[in-house]
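Take a look at the structure set out below.
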Amino acid sequence: MIRTWTVGALAEKMGLETVVEGDSARAVTGGYCGDLLSWVMGRAREGDAWITVMGNVNAVAVAVLADAACILLAEDSSLDDEAKERALVQEVPVLRSGKDAFSLAVELGRLLGEPDGGVL
């Protein structure tokens with residue numbers, strides 16, 4: 001059973017830094033990892049937390065096109081100024097962590113897979 005989290009609750013539970021708040025009440029229903037933007041555009045699903053190291057304006061555009069719940073920057077990746085401005089305008093939440101993409105994906109998967117939120 002998949003548990004739905006809001007972006008804000010997920011950020012708090014996972015100890016993520018909020019770079020752009022955006023729609024923090026948006027539901028996160030899945031996850032997707034990838035850095036090849038054309039690949040993500042065709043495969044990420046609505047409501048996914050997209051884990052990537054891409055912090056440019058094109059990543060924000062792909063998040064909007066894919067209707068991702070948020071962008072989760074792995075490995076303390078930076079978000080450039082143009083991307084930050086676009087994320088603010090488009091209300092795309094952008095979160096950041098020092099953890100690698102694999103670790104974030106495992107943690108996200110555990111949280112989404114546990115009906116009670118589980119214990120990590």
*Consider only pairs whose beta carbons are under 6 Å apart and that are at least six residues apart or on different chains; among these, list those whose first residue lies in segment 23-47 and is part of a strand (DSSP E or B) and whose second residue is among the charged types (D, E, K, R) and surrounded by fewer than 18 Cβ atoms within 10 Å (Cβ to Cβ).*
GLY30/ARG45
*How many residues are more than 15 Å from ALA61 (Cα to Cα), open to solvent by 80 Å² or more (accessible area, probe 1.4 Å) and touching a strand residue (DSSP E or B) at 6+ places or on another chain (Cβ under 9 Å) when one looks only at segment 1-49?*
4
*If you take the residues in segment 56-76 that are crowded, with 20+ Cβ neighbours inside 10 Å and closer than 19 Å to GLY98 by Cβ, which one is farthest from the chain's Cα centre (by Cα)?*
ALA59
*Going by the structure shown, is ALA87 part of a helix (DSSP H, G or I), of a type in the set (A, V, I, L, M, F, W, C), open to solvent by less than 40 Å² (accessible area, probe 1.4 Å) and out of contact with any helix residue (DSSP H, G or I) (no Cβ under 9 Å at 6 or more places or on another chain)?*
no
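The values are calculated or read from the model by the stated rules, or taken from the named source; none is laboratory data. Just so it is clear, the structure is predicted and the values come from calculations on it, not from any experiment. All Cβ positions, glycine included, derive from the backbone under ideal geometry; neighbour counts span all protein chains shown. Only protein heavy atoms, including side chains, enter the accessible area calculation; ligands, DNA and RNA are left aside. Shrake-Rupley method; radii C 1.70, N 1.55, O 1.52, S 1.80 Å.
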